[in-house]
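A.B. asks: I'd like to ask you about the structure that follows.
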Amino acid sequence: MREDRKRTRRLDDFPQFEIREQQRQLVVEGRAVPLGARAFDVLLVLVVHLDRVVGKDELLDRVWPGVVVEENNLQVQIHALRKALGARAIVTVPGRGYRFVAPLPDRGTAALGRP
């Protein structure tokens with residue numbers, strides 16, 4: 001039974017959040033969380049591709065198009081997102097990339113708020 005609980009991610013295991021794409025704002029537990037532009041872009045890419053692991057190269061290409069960037073920059077943005085959403089919201093798949101695993105708010109497959 002303990003194993004089942006570990007595997008099951010419940011909504012109450014993560015903070016309530018909303019992504020306001022138009023305002024480029026992340027709201028966690030009712031409060032706007034300051035996020036840099038790149039961290040917000042990483043979040044959008046991960047949420048849009050919930051169904052799969054997003055490779056590091058793909059993230060770098062989508063968030064920093066046409067710019068040579070060290071992988072450490074991506075790690076910094078992932079750290080900022082984990083700090084805002086909880087360490088378990090984004091998992092690292094060694095050698096492959098990242099995946100957003102936090103349950104989305106009551107918006108089906110999109111946590112994107114468009115007020």
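Every number here is computed from the coordinates shown, using simple stated rules; none is lab data. Note that this is a predicted model, so its numbers are computed, not measured. Neighbour counts are summed over all protein chains in view; Cβ atoms, including those assigned to glycine, are modelled from backbone coordinates with ideal geometry.
A.B. asks: Just rank 38, 31, fewest to most, by other beta-carbon atoms within 10 angstrom. Numbers along the way, then the final one.
C.D. replies: On the way: 38 16, 31 8.
Final ranking by Cβ density, sparse to dense: 31, 38.
A.B. asks: Further question on the same structure: Can you bin segment 42-90 into rounded, prolate or oblate? Criterion: square roots of the alpha carbon gyration tensor eigenvalues sorted a ≥ b ≥ c, rounded for a/c under 1.5, prolate for a/b above b/c, oblate for the rest.
C.D. replies: Verdict is oblate for segment 42-90.
A.B. asks: So, one more: Once fully extended, how much extra length lies between residue 28 and residue 58, figured as 0.36 nm per residue of separation less the alpha-carbon to alpha-carbon distance? Provide the component values of the computation, followed by the final result.
C.D. replies: Working: separation 30, 0.36 × 30 = 10.80 nm, distance 2.65 nm.
Computed gain between residue 28 and residue 58 is 8.1 nm.
A.B. asks: Moving on to the next point. Based on other C-beta atoms within 10 Å, arrange 18, 71, 58, 29 from fewest to most. Mind showing how you got there, number by number?
C.D. replies: Values: 18 18, 71 11, 58 14, 29 8.
The fewest-first ordering by Cβ neighbours comes to 29, 71, 58, 18.
A.B. asks: Quick one: length gained pulling residue 68 to residue 38 fully straight, 0.36 nm per residue minus the C-alpha distance?
C.D. replies: So the chain would gain 9.4 nm between residue 68 and residue 38.
A.B. asks: Sort 41, 51 so that the residue with the fewest other Cβ atoms within 10 Å of its own Cβ comes first and the one with the most comes last.
C.D. replies: By the 10 Å Cβ count, ascending: 51, 41.
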